[in-house]
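The values are calculated or read from the model by the stated rules, or taken from the named source; none is laboratory data. Note that this is a predicted model, so its numbers are computed, not measured. Glycine also receives a Cβ, built like all others from the backbone with ideal geometry; neighbour counts cover every protein chain displayed.
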Amino acid sequence: MKSRLRNHRRGISAASTTLVLALVTFAAPIPAASAANAAAWSASTTGVIAAYTIVVPTSISKSRLQARAVIATGTPCPTLNVVSQSSSNAVAGHASAASSKRSIAMQMRTPGSTTDAAFSSIRACQANLPSGVASATVGKTSLPANLPAKIGKIAILGDTGCRIKGSAVQDCASTVAWPLAQVSRSIANDKPDVTLFVGDFHYRESSCPSDLSGQCGGSPEPISGLPFKDTSYSWLADTFLPMASLLSAAPILAGRGNHEACDRGGNGYSLLFEIRANAAACAPTTSGDAPKTIDPTWAVDLPITSSRTLRTVVLDSATQPSSGDSELTSWAAVQRPFYRAAQTLSAKKSGRESWLLEHRPLFGIEAVAAGTPSSWESVDQTAAADGLTGNFNLLITGHAHLAEVAQIPGQPAQMIFGNGGTKLDEGEIKLPSQGPLRDSSGQPLSPLYPAYPNATYLWGKLKFGYAIATPLAGAGQWRFSLNDASGRRYETCLAAAKNVRCK
């Protein structure tokens, strides 16, 4: 076991050494007290446990970027140090670079008081990055400092954590069975300008079964009696340790997945990746229940050329009734205002194209066992979005643990990138016999929502990896390179006029 863990750590970048110290080891259980002491020691010797940059709307930060730092409880927020560049005239009349240094105080983000011991060991800090920054550090850690004037490369991934739920267990100590560290390193090697994350960071929802200790022994586990599944140390294990390379390479625009719903991993998401100031959004109520929340829909513009802009609209589809993705419920009406907001934010404008970024697909298909009829998911979201997707060029999601493209007539292409590391779906990816919002006999699921025709195109692959999107010359035209965990391309998909085809 120890030799396998050493091999696993070799697959993780040197930037994550601090996090390894904070976690102590995956080979033995991590009591809350010893883990907190380890994080406190790590933070005191290196300044921070982790530092990264998230993408936010201009209403929060004019630069569209905010620095975050994870620190041990009891230590003060570090300082964000930035170096800006400006042009000044040299003696010969040529422009020369003049830099100016600036220190910015970071503000504390505190988890909800009802999260109890699960998040008592860490805090998070934030500070907006100014525009025109050339470099930035928090403590001794460098972090992405800017978005380029022209975005030329976008990384996309989702559904990344190591699954531990009952008897469904990945081998968290293996970079083959759980390749997130390798995916992260490959994305960093591709040098993207920004990373889009389509949800589901956190998958450590159970204690490791005693007969599978070789795969997940010592993994941080939920605290008994709390109405949610995550802890500060499960977030370090599932996200900050394996994703250190990715987080140091580019700013991350992070959406929320169903594994970040408040009864699952929502407390960590609210503290660490939520764009708004309320770090306690998912904290249990005084009655001990996990709240059902939907974050407001928001958007950010990414410049492609001087006359072309990509607007990414981020919609929260994390919360949903326990009935699942294949049953139409009253939740569709609850979710619908958030799609109306997405429609407003994606209003057509000269030079602007729009992608809808959310977790649950509007037109998605999971792999099924041979001989089993397939069906469209997630029907509540499909119904909620009815008639509200016309401004979008593409629908970018995760949730199904695969890579997939589906084309419904009259709709923007649905692209799914839920193959970032968590256990892949198993079986076959096959076209259902009927279109979305229809039952197995082809009849509409509800008279309230029009049913759709069946897809004219379906492509899918059960393979770990990520996508790199690069803009082509024409408006709305993109090349998506679908890469495996090691960074090798296994498929190319071309997008144009709301259509996608892979070859």
Handout entry: Criterion (part of a loop (DSSP other than H, G, I, E, B), hydroxyl-bearing (Ser, Thr, Tyr) and touching a Lys or Arg at 6+ places or on another chain (Cβ under 6 Å)) met by exactly one of Ser206, Ser174
Key = Ser206
Practice task
Output yes when any residue across the stretch 188-197 is buried (at least 16 other Cβ atoms within 10 Å of the Cβ), out of contact with any Leu (no Cβ under 8 Å at 6 or more places or on another chain) and over 28 Å from Thr53 (Cβ atoms), and no when none is.
Solution key: no
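Listed here are the residues, each with its yes/no results for (1) crowded, with 20+ Cβ neighbours inside 10 Å; (2) at pLDDT 50 or above.
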{"position": "Ala22", "(1), (2)": "yes, no"}
{"position": "Pro29", "(1), (2)": "no, no"}
{"position": "Ala32", "(1), (2)": "no, no"}
{"position": "Thr45", "(1), (2)": "no, no"}
{"position": "Val56", "(1), (2)": "yes, yes"}
{"position": "Lys62", "(1), (2)": "no, yes"}
{"position": "Asn81", "(1), (2)": "no, yes"}
Handout entry: Condition check for Ser248: surrounded by 24 or more Cβ atoms within 10 Å (Cβ to Cβ) and in contact (Cβ under 8 Å) with a residue 24 or more places away in the chain
Key = no
Completion exercise
All-but-one check, Pro337 against (1) touching a residue at least 40 places away in the same chain (Cβ under 8 Å); (2) assigned to a helix (DSSP H, G or I), failing number (1)
Exercise for the section: Can you give me the number of residues within the stretch 389-431 that are hydroxyl-bearing (Ser, Thr, Tyr), in contact with a Gly (Cβ under 9 Å, 6 or more places away or on another chain) and assigned to a loop (DSSP other than H, G, I, E, B)? Expected result: 1
Practice task
Kindly indicate whether Ile416 is under 30 Å from Thr239 (Cα atoms), surrounded by 23 or more Cβ atoms within 10 Å (Cβ to Cβ) and out of contact with any helix residue (DSSP H, G or I) (no Cβ under 6 Å at 6 or more places or on another chain).
Solution key: yes
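Residue-wise test of (1) without any contact (Cβ under 8 Å) to a residue 24 or more places away in the chain; (2) surrounded by fewer than 18 Cβ atoms within 10 Å (Cβ to Cβ); (3) touching a helix residue (DSSP H, G or I) at 6+ places or on another chain (Cβ under 7 Å); (4) polar (S, T, N, Q).
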site: Glu404; (1), (2), (3), (4): no, no, no, no
site: Glu426; (1), (2), (3), (4): no, yes, no, no
site: Ser486; (1), (2), (3), (4): no, yes, yes, yes
site: Asn499; (1), (2), (3), (4): no, yes, no, yes
Exercise for the section: Provide a single number: the residues in the stretch 449-503 that are among the small types (Gly, Ala, Ser), over 30 Å from Glu426 (Cβ atoms) and in a strand (DSSP E or B). Expected result: 1
Exercise for the section: Confirm whether Ser323 is surrounded by fewer than 21 Cβ atoms within 10 Å (Cβ to Cβ) and either farther than 29 Å from Leu129 by Cβ or not hydrophobic (A, V, I, L, M, F, W, C) (or both). Expected result: yes
Exercise for the section: Kindly indicate the residue of the stretch 271-306 that is outside any loop (DSSP other than H, G, I, E, B) and hydrophobic (A, V, I, L, M, F, W, C) and also nearest to Arg64 (Cα to Cα) among those meeting that condition. Expected result: Val300
Problem - Positions within the stretch 345-398 being at pLDDT 95 or above and among the acidic types (Asp, Glu), in sequence order - result: Glu353, Glu358, Glu366, Asp380, Asp386
Handout entry: Among (1) closer than 25 Å to Gly420 by Cα; (2) crowded, with 21+ Cβ neighbours inside 10 Å; (3) of a type in the set (A, V, I, L, M, F, W, C) - the single one Val368 does not satisfy
Key = (2)
Handout entry: Of residues in the stretch 155-171 being outside any loop (DSSP other than H, G, I, E, B) and touching a helix residue (DSSP H, G or I) at 6+ places or on another chain (Cβ under 6 Å), the one nearest to Gly420 (Cα to Cα)
Key = Ala155
